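No value in this document is a laboratory result; all are computed from the given coordinates. A quick note: this is a predicted structure, and the numbers were derived from the prediction, not measured. Methodologically, a virtual Cβ is constructed for each residue, glycine included, from the backbone with ideal geometry; neighbour enumeration extends over all protein chains shown.
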Amino acid sequence: MVSSYQRGLPGFRRRGRRLPRRPASALAEHWTRIDGVDVFYRESPAGPDAPVMMHVHGFGLSGRYLLPTAELLRDEFHTLVPDLPGFGRSGKPITPLDVPDLARAAARFLDDRQITSATLVGNSMGCPVICEFAYRYPERLDRAVLVSPAGGLNNQPLRRAVRQLARDGTREPAGMIRVAAPDYLRFGVPSTVRMFRALTRYPSLDRLLALKIPTLVVIGDRDPLMPSPDRVREVASSTDNHVLVVIMEGAAHAINFSNPGELAHVIRQFMSDQPIVDDPDEPGHSRSYEIHRGTLHPQHKPPP
C-alpha cells in the first residue's frame, strides 16, 4: 500500500520556507509556538469522538517518514505528527533537549492542542520518549505503540550504532534515504553526538517494563538495530506486564515508512484488542505475528 506522501513531488523554496508543489500528505500542515520555539506539525480533521493518536519520530529525523502509516489511520483517529523542538522544520531550543525534555515537549504540544490524553506511536528514539512520557504523565497516555525501539545496550557505543544504521540503510526503500538525508544534515553532527549520549544514559528497558498501560512493540526481523526475536521474547517475558510483542517479517528499522499498510493493520488490531493476524491486503509483502502477550495485557474481544 503506497501513501499519497510517498507519491509526493519534491518541493521548492519560497520566502525562506519549504513549500510543497502539492500537499506532502493527506494531513494538514500547521505551525504553533511552544515555550518560545516554533513547532511544525501535521494534523488530520478531528471527529467529535475520534481517539487521539500522536506519532513520535526517531533520532535526527522529522515526522516526514512517519506519514505513510499516520495517514492510513487518519480516518479512525485524530492524528498528529509533530516535529519535536530541535528536529525537522521545528525551531531549535536554546538548550538541546534530552529524552525527558522531549517527553515534556510532547506533553506541552498536546497542551497547546488542548488534548488531555492520547495514544502515542513511536519509532526508534521516539519509543524512549514515549516511555518517559508514560513515566512522567501516566494519566495522559491511553496506549503506547513502540515500533523498532532503539537506544539500549544493543545500540552502544556510537560506532556500533553507526554501523547498524549503515547496514539498515541498505535494507530500507530508496525513498527512505531521500526523506532521511535532509533531516540528518539539518540535525547536524554535534546534535547527533549530544543526543546519542542522552540516549545511552536513559533507562529504556526499565521504563518499558514499568509501563502500566496496554503496549504494543513491533519489531522487524531484518532490523540490524534490534536484538534477536528470542532475546526480545526473553526480556518481555521476564516480568508480568502489559506488553504485546509482534514480529514483522521482511521489515527493517523504519517500519512506519517501509511497511505502512501492515503496520496500520497491526495497530488497528491492537487498539481493538483483537488477535494479531496477517493483513490479507498485503500478500507476500510482510507477515506479522505475536511472539509474546503479557499476562496483564487485555484479552481478545469478540469481533463486532
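To make sure I understand, if each residue's beta carbon is the centre and we count other beta carbons within 10 Å, what order do Leu225, Leu205 fall in, fewest to most?
Ascending number of Cβ neighbours within 10 Å: Leu205, Leu225.
Per-residue HN-Hα couplings for the stretch 67-81, Karplus 6.51 cos²θ - 1.76 cosθ + 1.60 at θ = phi - 60°, whole Hz, x for Gly and Pro?
Per-residue couplings from phi come out as 4, x, 6, 4, 6, 6, 9, 5, 7, 9, 9, 6, 9, 10, 9 Hz.
Please report the antiparallel percentage of the DSSP beta bridges confined to the chain, to the nearest 5.
So the antiparallel bridges in the chain amount to around 50 percent.
Expressed as cubic angstrom per residue, what is the convex hull volume of the alpha carbon set of the stretch 41-293?
Output value, Cα hull per residue: 117 Å³.
Mean separation of Cα pairs under 8 Å and 6+ residues apart, divided by the residue count of the stretch 103-236: what relative contact order is that in percent? List each step's numbers first, then the result.
Values: 144 pairs, mean separation 42.4, N = 134.
Relative contact order of the stretch 103-236: 32 percent.
Per residue Cα convex hull volume for the stretch 148-265, in cubic angstrom?
Per residue, the Cα convex hull of the stretch 148-265 comes to 114 Å³.
Would you list Asp168, Asp49, Asp142 from fewest to most Cβ contacts within 10 Å?
Working: Asp168 21, Asp49 6, Asp142 15.
Sorted ascending by nearby Cβ count, the order is Asp49, Asp142, Asp168.
Would you pull out the residues with amide H under 5 Å of Leu216's amide H, same chain only if 5 or more places away, H placed 1.01 Å from N?
Counting only residues 5 or more places away or on other chains, the set is Ala144, Val145, Leu146, Leu244.
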